[in-house]
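Presented below is the structure to which this report refers.
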Ligand code: AHM
Ligand code: MG
């Protein structure tokens, strides 16, 4: 029989290296650094963590229960909605409406935003914007999908109902943004504007644990990520840039699930592009649900993000909830290079 090891024989460093920091603990510790914090944002982020765990459970069961497949309805943007999207949307809504921190929710799956009834005695200071399950074309073929969320402080008075202006804010006003990637493992990455941290779900204890503190997009990283199948439908500057990447022997990586493609860039560098196509002249991705939150995360990780009109995405003012925009984001040197191609080759507007 083994003798066992007494705790006294572990030196302090060995012991502290093994300390697990859970998402909840991390969020609460971050809150205590702000003396005027009310704890509302802390509770809201915790609710998002709970919703992520519930969606993760269903995503993992998707092949086992009869939940995958098309639900025969279209979402607001005209895309086919899968059953798992609906499930994810409903669970997110439930988790966010119960605690009273949120006065409104806008979801990519819904045409209009939802007003959350006020809980007596509680001020609800935030609105949340969610893409409950992004990358829906990947759901039923067991390829990674993700959830994207972002949080604005409301503009309307806390005493009344929320209104559309609470949602139509520039990305630079975001209080927090994050994503959950349901991949080989499930990881939640978020920022409150003070760097980016990643938490991997440990299924044995059912907790997100800090696994990737202070994520920074590497300076090097020679991948480009674009749906090259649309090459002939791209504008000249985009075709020239893709040719340039190919000339340089850069690796092409494209999953077709924005969260997965961006997550790779967060760790391996590179550039992500979704320009205008003939089908989507303004780009396919939505400013509020996808582009602004991911831009905040990318910038907080030291990256750059702009649209194909060379405007910083976080400075764009949305005119409507489901507005689309073009995207160029990733390693700053590569975004700068793309900018030069746009300046050189794009037709005068
Ligand atoms: P969705 O919100 O309907 O899932 O669409 C968004 C997804 C992104 O995750 C991804 O970057 C893009 O659509 C892929 O589009 P395409 O298949 O045209 O390359
Ligand atoms: Mg989406």
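Worth pointing out:
- Qualifying residues in the range 125-143 (those that are at pLDDT 90 or above and more than 10 Å from ligand 1 (Cβ to nearest atom)) - the one farthest from residue 192 (Cα to Cα): 143
To keep it simple, each residue is scored yes or no on (1) surrounded by fewer than 18 Cβ atoms within 10 Å (Cβ to Cβ); (2) more than 13 Å from ligand 2 (Cβ to nearest atom); (3) more than 24 Å from residue 284 (Cα to Cα); (4) without any contact (Cβ under 8 Å) to a residue 24 or more places away in the chain.
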| residue | (1), (2), (3), (4) |
| --- | --- |
| 132 | no, no, no, no |
| 152 | no, yes, no, no |
| 158 | yes, yes, yes, no |
| 162 | no, yes, yes, no |
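- Restricting attention to the range 308-336, the residues being part of a helix (DSSP H, G or I) and either at pLDDT below 95 or farther than 17 Å from residue 274 by Cβ (or both) number 4.
- Condition met for residue 302 (surrounded by fewer than 19 Cβ atoms within 10 Å (Cβ to Cβ) and either away from ligand 1 (no atom under 11 Å from the Cβ) or over 14 Å from the mean Cα position of the chain (by Cα) (or both)): yes
- Qualifying positions in the range 94-117 - within 16 Å of ligand 2 (Cβ to nearest atom) and either assigned to a helix (DSSP H, G or I) or surrounded by fewer than 20 Cβ atoms within 10 Å (Cβ to Cβ) (or both): 110, 111
- Filter pass, residue 266 being surrounded by 17 or more Cβ atoms within 10 Å (Cβ to Cβ) and under 16 Å from the mean Cα position of the chain (by Cα): yes
- Hits in the range 214-234 (condition: modelled with pLDDT of 95 or more and more than 16 Å from ligand 1 (Cβ to nearest atom)): 214, 215, 216, 217, 218
- Test result for residue 223, surrounded by 15 or more Cβ atoms within 10 Å (Cβ to Cβ), within 16 Å of ligand 2 (Cβ to nearest atom) and more than 30 Å from residue 22 (Cβ to Cβ): no
- Restricted to the range 163-266, the set of strands (runs of 3 or more DSSP E) holding at least 3 residues that are under 24 Å from residue 58 (Cβ atoms) and touching a strand residue (DSSP E or B) at 6+ places or on another chain (Cβ under 6 Å) comprises 176-182, 186-191, 196-202, 207-212.
- Considered as a group, the residues in the range 267-301 that are within 11 Å of ligand 2 (Cβ to nearest atom) and in a loop (DSSP other than H, G, I, E, B) include one that is nearest to residue 314 (Cα to Cα), and that residue is 285.
- Looking only at the range 243-263, and only at residues there that are crowded, with 20+ Cβ neighbours inside 10 Å and free of Cβ contacts under 8 Å to residues at least 40 places away in the same chain, the one that is farthest from ligand 2 (Cβ to nearest atom): 245
The values are calculated or read from the model by the stated rules, or taken from the named source; none is laboratory data. What you see is a predicted model; the values in this text were computed from it and never measured. Don't worry about glycine lacking a Cβ; one is built from the backbone with ideal geometry, like all the others, and counts go over all protein chains shown.
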